[in-house]
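Student: One structure follows; several queries about it will come next.
Nothing in this text is a laboratory measurement; each read-out follows from the coordinates by a stated rule. Because the structure is a prediction, the values reported are computed rather than measured. No Cβ is skipped: glycine too gets one built from the backbone with ideal geometry, and neighbour counts run over all protein chains shown.
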Amino acid sequence: MIYLILLMLVLLPIFIYYPKPKQNMDHADCILVLGCPTHEDGSLCQTQIRRCKKAIDLWYKQKAPLIMISGGKAHNATCEAEAMAEYIHQSDPQIPILMETKAMNTYDNFKYSKQLCDQRQIHSIIVVTSTSHCRRSAYFARKFFDEFAMIGDDEPFSLKKRTREFFAKYNTLYCEIKIKLKKNRGSQH
């Protein structure tokens, strides 16, 4: 019984701060594909390929007229957005692509993509990311976008990725709490 209570205490914040995001939108202004690191040699990893294929599929289904790819040189010398855009254009050079190349993390993906969206009057987005990444991505999407849906890339189940994402959610919560406490202390002086 005590283990069940402890488990609930550990999992409860995840479901409060990361509710299940909307997963369907008939049409949006843009499909936003979140980047992730390429291999050291600049070749795409399987996660990037799955995300690109999902975005291409959504574009062919006319879910949005434009694909935006977000991701900079976060982990190596290769720009994630440029590498993924090249892959999509090899599939179909007619697909219109917009690249956001400054993002270094998930928060940045939405921050910098929002700036590009505002410049182009893009109000609604369909976000393509890994299935295990959808809840945490939606947490950040809510900070910048009113109209969005999250679509997972049909990744195979991976305990390693799910565990990493679980701890990343707690790290995000920790950072958010730190920021709020700092703001509260600053407003009291």
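Student: Sorting VAL33, VAL127 on the 10 Å Cβ count, fewest up front, what's the list? Before the final figure, lay out the partial values.
Tutor: Details: VAL33 33, VAL127 30.
Going from sparsest to densest Cβ surroundings: VAL127, VAL33.
Student: Could I ask something else about it? Can you tell me how much longer the chain between GLU147 and LEU181 gets when fully stretched, taken as 0.36 nm per residue apart minus their C-alpha distance, in nm with one decimal?
Tutor: 9.3 nm
Student: Here's a follow-up. When THR47, THR163, THR101, THR129 are ordered from fewest to most other Cβ atoms inside 10 Å of their Cβ, what list results?
Tutor: The fewest-first ordering by Cβ neighbours comes to THR163, THR101, THR47, THR129.
Student: Next question, about the same structure. Between ASP26 and MET104, what is the label-point separation in nm under the 7 Å Cα-to-beta-carbon projection?
Tutor: Taking the two extended label points, one gets 4.2 nm.
Student: With the Cα gyration tensor of segment 20-156 giving a ≥ b ≥ c as the square roots of its eigenvalues, does the rule (a/c under 1.5 for rounded; else a/b larger than b/c for prolate; else oblate) give rounded, prolate or oblate?
Tutor: Taking the square roots of the gyration eigenvalues as a ≥ b ≥ c, segment 20-156 is rounded.
Student: Could I ask something else about it? Just grab the label-to-label distance for GLN115 and ALA168, each label 7 Å out from Cα along the Cβ direction, in nm (one decimal).
Tutor: Taking the two extended label points, one gets 2.2 nm.
Student: Work out, step by step, the length gained on full extension between HIS75 and ILE49: first 0.36 nm times the residue separation, then minus their alpha carbon distance; give nm to one decimal.
Tutor: 7.6 nm
Student: About its Cα centre, what dipole magnitude does segment 20-156 give when the only charges are +1 on Lys and Arg Cβ and -1 on Asp and Glu Cβ, stated in debye to the nearest 20?
Tutor: 500
Student: For a footprinting-style exposure proxy, rank TYR60, TYR107 by other Cβ within 10 Å, fewest first.
Tutor: TYR60, TYR107
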